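See below for the structure under consideration.
Just so you know, all these numbers are worked out from the coordinates, no wet-lab data involved. This one's a predicted model, so the numbers in the text were calculated from it and none came from an experiment. Here the Cβ positions follow ideal geometry from the backbone for every residue, glycine too, while neighbour counts run over all protein chains shown.
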Amino acid sequence: MDKDILILGIESSCDETAASVIRNGREVLSNVIYSQIDLHTVYGGVVPEIASRKHIEKINQVIEKSLKDANVTLNDIDAIAVTYGPGLVGALLVGVAEAKAISFATGIPLVGVHHIEGHICANYIEHPELAPPFVSLVVSGGHTHLVNVADYGVYEILGRTRDDAAGEAFDKVARAIGLGYPGGPKIDRLVRETGADPKSIAFPRAKVGDSDYDFSFSGLKSAVLNYINSERMQGREIEPEKIAASFQKAVVDVLVEHGLKALEDRNENRIALAGGVASNSALREAYKEACKERGIDLYYPSPVYCTDNAAMIAVAGYYEFVKGVRSDLSLNAVPNLKLGER
């Protein structure tokens, strides 16, 4: 490639306002994230209206800082990549409107990016040797997908959750045992700090009868809530750390089992974890152990690239851009956008 390609990424699908500049699809020149976690913690979850308003307040500042940190100007940018779905519609609209405005004012090409594709592409940042094909497990607050990555931008969904996403189940269980929001990191931390036995309570591992790869976590969540109610009705004090450890183990067991099944069936020996729950220490350790036993190559991003960020969006945008994909000014937010759709 004769010339470096610089992509400005913009992400605002939920409660992080983020912008990043990426060079040639792999090198992070800047990655700025404004997190709203403290604002939403008091409500026990993300409030869409608050998230949208805060995106409006912060997005210009975040983009300006990302350009400054990268030591570039808009004149140096080859394309603008922006998340246009899935996500909260009001939050998405802020990023999409901003990207379209910059594109219209400057003539810089615009590339709409799927949020889940961004999570998968986060693995390219720190693993220069990784290239398709491989299998990816995307686990976050809103999504649980098992994906065959056939090529850059070419995805086949092997399995998805039928109800709650894994991260959503973490949040609900954490709330039930008094940990609050965000649930995933708090449950992970409690289990690590207390060393609670993950076999303390026998919670179920859900099977989806007509699919080896689909997930279901609603029943597990209900089992935890029923256990808590039963213990309280019998006058017994609940032990949050034992519930957290046993619940987390039940989730991790299913996530590992389905991923390994997909690898075996496809005769593939590489899997990449992605999404916010990919930073969960129990999930990583379980996959490390399972992959080591089977000679499988395991990849996952650093925690900063697991949660919502614009670097992953810029990386995904780069591979779309070099393939010739362009979005026009009719680009709109699509809150229920399916992976592989454009």
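Multiplying the residue separation of Val154 and Val42 by 0.36 nm and subtracting their alpha-carbon distance yields 36.3 nm.
The alpha carbon centroids of segment 156-224 and segment 71-101 are separated by 32 Å. The modelled label-to-label distance between Ser35 and Glu237, using points 7 Å beyond Cα along the C-beta direction, is 3.1 nm. Given their separation in residues at 0.36 nm each and the Cα-Cα distance between them, Arg175 and His127 gain 13.8 nm when the chain is fully extended.
Based on C-alpha pairs under 8 angstrom that are at least 6 apart in sequence, segment 132-301 has a relative contact order of 26 percent. List, in the order given, every pair from Lys54/Lys100; Lys54/Lys199; Lys100/Lys288; Lys199/Lys261 whose Cα-Cα distance in the structure shown is over 30 Å. Distance filter (> 30 Å) returns Lys54/Lys199; Lys100/Lys288. Computed with the Debye formula from one identical point scatterer per Cα of segment 66-144, without solvent, the log10 of I(q)/I(0) at q = 0.21, 0.24, 0.26, 0.27 Å⁻¹ comes to -1.10, -1.17, -1.20, -1.22.
Evaluate the distance, in nm, between pseudo-label points positioned 7 Å from the Cα of Asn267 and of Ser211 along their respective Cα→Cβ axes. Distance between the two pseudo-spin positions: 2.6 nm.
Ordered by the count of other Cβ atoms within 10 Å of each Cβ, fewest first, Arg236, Arg266 give Arg236, Arg266. Neighbours of Ile5, meaning other residues whose beta-carbon lies under 13 angstrom from its beta-carbon, give a summed charge of -2 when Lys and Arg score +1 and Asp and Glu score -1. A helix-only calculation puts the chain at -14000 deg cm²/dmol for mean residue ellipticity at 222 nm, using -39500 (n - 2.57) for each DSSP H run of at least four residues, averaged over all residues. Multiplying the residue separation of Asp197 and Leu225 by 0.36 nm and subtracting their alpha-carbon distance yields 8.2 nm.
In the chain, Cα pairs under 8 Å separated by at least six residues give a relative contact order of 26 percent. Would you please state which residues of segment 94-131 a label at Asp328 would reach in this model, taking the label point 7 Å out along Cα→Cβ and a backbone N cut-off of under 14 Å? Within reach of a label on Asp328, which here means backbone N under 14 Å from a point 7 Å along Cα→Cβ, segment 94-131 contributes 110.
Other residues within the sphere of radius under 12 Å centred on the Cβ of Ala150, judged by their own Cβ, net out at -2 (K and R +1, D and E -1).
Note on segment 204-290: semi-axes of the ellipsoid equivalent to its C-alpha gyration tensor, largest first and rounded to whole Å, are 29, 16, 9. Here segment 49-206 yields Rg over Rh of 1.03, to two decimals, using C-alpha coordinates and the Kirkwood radius. Cβ crowding within 10 Å, taken as a proxy for footprinting-reagent exposure, orders Ser103, Ser200 from fewest neighbours to most as Ser200, Ser103. With the simple model of a label 7 Å out from the Cα in the direction of the Cβ, Thr106 to Lys288 spans 4.0 nm. Along the Cα-to-Cβ line of Lys65, 7 Å from the Cα, sits a label point; which residues in segment 275-317 have backbone N less than 19 Å from it? So the set is 303-314.
When Met312, Met233 are arranged by Cβ crowding within 10 Å, least crowded first, meaning fewest neighbours, the order is Met233, Met312. The orientation-averaged shadow of the Cα convex hull for segment 132-301, equal to a quarter of the hull surface, comes to 9.8 nm².
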